[in-house]
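Engineer: Here it is, the structure, as structure tokens.
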Amino acid sequence: MRVVRSSVSSRRSGTAPIGQPTRDFAREVREHLRRTPRQLPTSYLYDELGSTLFEAICRLPWYRIWRAEQALLARHAFPLRSLVRSCSSIAELGCGSGEKLAALMAGAIGGRAIDLHLVDVSATALALTASRFSGFPRVRVHRHQQVYTEGLSQIGLNRDAGRLLVLFLGSNVGNFHASEAEAFFRTVRRTSRPGDLFLLGADLVKPEKDLLLAYDDPLGLTAAFNKNLLVRVNRELGADFDVTGFAHRAVWRPDASRMEMHLVSARDQIVRIRAARLVLRVTDGEPIWTESSYKYKRRQIVTMVEPQGFARREQWMDEPARYALTLFEAR
Ligand code: AVI
């Protein structure tokens, strides 16, 4: 296997980075915490421990996204593999553990040469996914430890003349607000040529009780995943958050069609974040908003993506889990 590192320097790595990335982190934390309501940037949930906790969340019986998507990919393996066979490059944005990608590609590539672009902010996720392809000598793995849009620009500059398939799975799209999602789809389209493919996994609206169990699970893994963001800020930015002084809260906002995760202060407290030059006065019951996970209607997925220069080709549904995989072709 030939592992090629992206030529652009890494940002927001899983381990404590020094220099520029720490400054970016400090700047973003400062800017988010000064908003009303206070926020912390979602993408920093994924340090090494955060990525591991997220992998564990995906195995929880109450968090159905990962298994529903895995089942859909297996159920529709025949048409999906023939699509993979028609491509010379595949890009996965937010590759996680790479299990789905490996399953999708295993039966499709044979001995063919293929460029595989992995884009993720987490060094852990990239390493894990890349290692799955060590048995495929003709798969050239390109790691882009970047945010999606930066990774896509790199791919656009380096791709060959063949067809590209972009995978955006796991309902990662749900972590974007509507305007961010629209800008993201436009970037995918800019990286694509007519005939290229885009496979999008998206979680659908479902009963509130199911959503609350998925985002506030009885084992407390999601709470740990959320609170680990404070642990990271303490470690990397020299802050003194008392992690036991915050409670995990998951809320369903039907008007916005999204789940939200918050860290709610258990008392009045003062927090110092040295690298962000910030002294924070948080009051009893005050929330810090850490994540939004939008849930969609089936048709809405198409109406969001098509105006950005794509045409819907297929939509596969897991009805019991309320999850959809939609395949688009660039126009
Ligand atoms: C990665 N992302 C799509 C997950 C989600 O469902 O929004 C992250 C997550 N947050 C809480 N549990 C899982």
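Engineer: Amide H neighbours of residue 169 under 5 Å, at least 5 residues apart or on other chains, H built in the peptide plane: list them.
Structural biologist: 93, 201
Engineer: Follow-up question, since we're still on this one. List the residues whose amide H sits under 5 Å from the amide H of residue 266, counting only those 5 or more places along or on another chain, with H placed 1.01 Å from N in the peptide plane.
Structural biologist: So residue 266 has HN proximity to 246, 247, 285.
Engineer: Starting at the first residue of region 210-216, write each ³J(HN,Hα) from the Karplus equation 6.51 cos²θ - 1.76 cosθ + 1.60 with θ = phi - 60°, in whole Hz, x for Gly and Pro.
Structural biologist: After applying 6.51 cos²θ - 1.76 cosθ + 1.60, I find 5, 5, 5, 5, 5, 10, 9 Hz.
Engineer: If you don't mind, another one. How much accessible area per residue does the chain have, counting only protein heavy atoms and a probe of 1.4 Å, in square angstrom?
Structural biologist: Values: 13860 Å² over 331 residues.
Each residue of the chain exposes 42 Å² on average to a 1.4 Å probe.
Engineer: Right, something else. Considering only C-alpha atoms, what is the centroid distance from region 266-331 to region 142-221, in Å?
Structural biologist: 11 Å
Engineer: Report, to the nearest whole %, how much of the accessible area of the chain belongs to carbon and sulfur atoms, 1.4 Å probe, protein only.
Structural biologist: Whole-percent figure for carbon plus sulfur exposure: 54.
Engineer: When only C-alpha pairs under 8 Å and at least 6 residues apart count, what is the relative contact order of the chain, in percent?
Structural biologist: With pairs under 8 Å counted, the relative contact order is 21 percent.
Engineer: Another one. Nearest 5 percent is fine: what portion of the DSSP beta bridges confined to the chain is antiparallel? Numbers along the way, then the final one.
Structural biologist: Details: 36 of 61 bridges.
Close to 60 percent.
Engineer: Could you derive backbone 3J(HN,Hα) for region 164-176 from the dihedral phi with the Karplus parameters 6.51, -1.76 and 1.60 (θ = phi - 60°), listing whole Hz in sequence and x where the residue is Gly or Pro?
Structural biologist: So the J values, rounded to whole Hz, are 10, 10, 9, 10, 10, 9, x, 6, 4, 4, x, 7, 9.
Engineer: Oh, and also: If amide hydrogens are placed 1.01 Å from N in the peptide plane, which non-local residues have theirs closer than 5 Å to the one on residue 146?
Structural biologist: 120, 121
Engineer: Please list, or write none, the lysines whose alpha carbon is within less than 21 Å of the alpha carbon of residue 206, excluding same-chain residues fewer than 8 places away.
Structural biologist: 295, 297
Engineer: Sequence gap at least 6, Cα distance under 8 Å: using those rules, report the relative contact order of region 212-331 to the nearest whole percent.
Structural biologist: 17 percent
Engineer: Another question about this same structure. Which whole-Hz couplings ³J(HN,Hα) result when phi for each residue of region 220-230 is put into the Karplus expression 6.51 cos²θ - 1.76 cosθ + 1.60, θ = phi - 60°, listed in order with x for Gly and Pro?
Structural biologist: x, 5, 5, 4, 5, 4, 5, 5, 4, 4, 5
Engineer: Over region 29-181, what is the mean sequence separation of C-alpha contacts under 8 Å (at least six apart), divided by residue count, expressed as relative contact order in percent?
Structural biologist: Details: 199 pairs, mean separation 36.6, N = 153.
RCO, region 29-181: 24 percent.
The values are calculated or read from the model by the stated rules, or taken from the named source; none is laboratory data. Model, not experiment: these values are computed from the prediction. These accessible areas exclude ligands, DNA and RNA; they are computed on the full protein's heavy atoms, side chains included. Shrake-Rupley method; radii C 1.70, N 1.55, O 1.52, S 1.80 Å.
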